[in-house]
Amino acid sequence: MIDVRIAGVAYAVPSEIETVAEILRRERERVEAVLAPLSDASRMRAMQGLGLERVRVCGSRRPYDLVREAAAQALDQAHLPPRRLDLILDYSTLPGEESQHSSFASRLSADLGAEASLNLTFKAGGCAGLHLALKTAIAWMGTDTDIRSALLVCGDTPPAGNRSLLPITVQGDAASAVVLRRDAAQGPAVLAVEVQTAGHLHDAIRLARCDGRLEIRVDSLRMEYEVMPVYYLNLLRLVTKALGHASLGVGDVDHFIYSNVSHRDRDGFRRMLGLPEGALPPTAMAEYGHTFASDLAINYADLRNAGGIRPGQLLLFASAGIGFAWGVTLARA
């Protein structure tokens, strides 16, 4: 793999707060309808072990406002003037009703003054979208010598009345940005990126229109009996493959950067890898909820800003999302 560095990572969250309890009360009918096909034990499990207390919600600020703030911070960290930005890739999944068909990449290019950037947008992978974006950007860098930098952005907010994604999680709003630079000798070096998709599961969680409005439809039976039996197996397969490229094992990893779907999901990932209690670094999950693909950027940035990452340490990023997709990225600080 060519020498590509994660030169800047930043995120932005709105100031408005809603409690998870309030959201579940407000969306009670929707929650009950989704969970109704499950057994009593499965319904009880869905309501326990979330580990989510509050979420941030867009009110006065739009998702694009957050994306632009995060992008500016990440570019500043990378010491990269926008005019030298070669590629902007927007991998948002749920950018809100008002901007559902617009591209943050094109708007950023204009607003930041990145006049020469190649602007791309895709909506695939959900919470695993960062890995798809990394793989896409690195592929461009490897085939076009003129592309030496990339800005990867996402900003997600669910349609109104759709914050509860039980039996899985509760979603908060956030935006994040990652700057990649080639041969820059700044930031963690990307060692491997592995992605896997399963198209036959694309409608286990999906966006649909009902009476002219977008809704997130969760098929709880498909999640329970088709997704979950392979969920951690596919993550393990990709972890093993990514580490194998570098002739490394799970024991060599210093920091596991994983999603904030729920406490029980993080614990399932830990147990899948055979890690001891406390092996995953603490996150702001209880404060922000699950922020879709921004989770990994938030958890990495918070760990880095707290001084938790030292030069030479091995970082493993992992997440899974609607599509259905799984992704793992290995990097050396």
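The values are calculated or read from the model by the stated rules, or taken from the named source; none is laboratory data. In this text, all values refer to a predicted model and were calculated from it rather than measured experimentally. Methodologically, a virtual Cβ is constructed for each residue, glycine included, from the backbone with ideal geometry; neighbour enumeration extends over all protein chains shown.
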Can you find a residue that is of a type in the set (D, E, K, R), surrounded by 17 or more Cβ atoms within 10 Å (Cβ to Cβ) and touching a residue at least 24 places away in the same chain (Cβ under 8 Å) anywhere in the range 278-289? no
Would a scan of the range 147-157 turn up a residue that is in contact (Cβ under 8 Å) with a residue 60 or more places away in the chain and out of contact with any helix residue (DSSP H, G or I) (no Cβ under 8 Å at 6 or more places or on another chain)? no
Is it true that residue 257 is among the β-branched types (Val, Ile, Thr) and touching a Cys at 6+ places or on another chain (Cβ under 8 Å)? no
Can you tell me which of 208, 185, 137 is assigned to a strand (DSSP E or B) and among the aliphatic types (A, V, I, L, M)? 208
When the range 91-116 is examined, which residues are found to be out of contact with any Lys or Arg (no Cβ under 9 Å at 6 or more places or on another chain), at pLDDT 90 or above and surrounded by 16 or more Cβ atoms within 10 Å (Cβ to Cβ)? 105, 109
Scope the range 162-182; condition of a type in the set (A, V, I, L, M, F, W, C) and assigned to a strand (DSSP E or B); matching residues: 170, 174, 175, 177, 178, 179, 180
Is it the case that residue 2 is modelled with pLDDT under 95, of a type in the set (Val, Ile, Thr) and closer than 30 Å to residue 181 by Cβ? yes
Candidate set from the range 211-233 (those that are out of contact with any helix residue (DSSP H, G or I) (no Cβ under 8 Å at 6 or more places or on another chain) and β-branched (Val, Ile, Thr)); member that is surrounded by the fewest Cβ atoms within 10 Å (Cβ to Cβ): 230
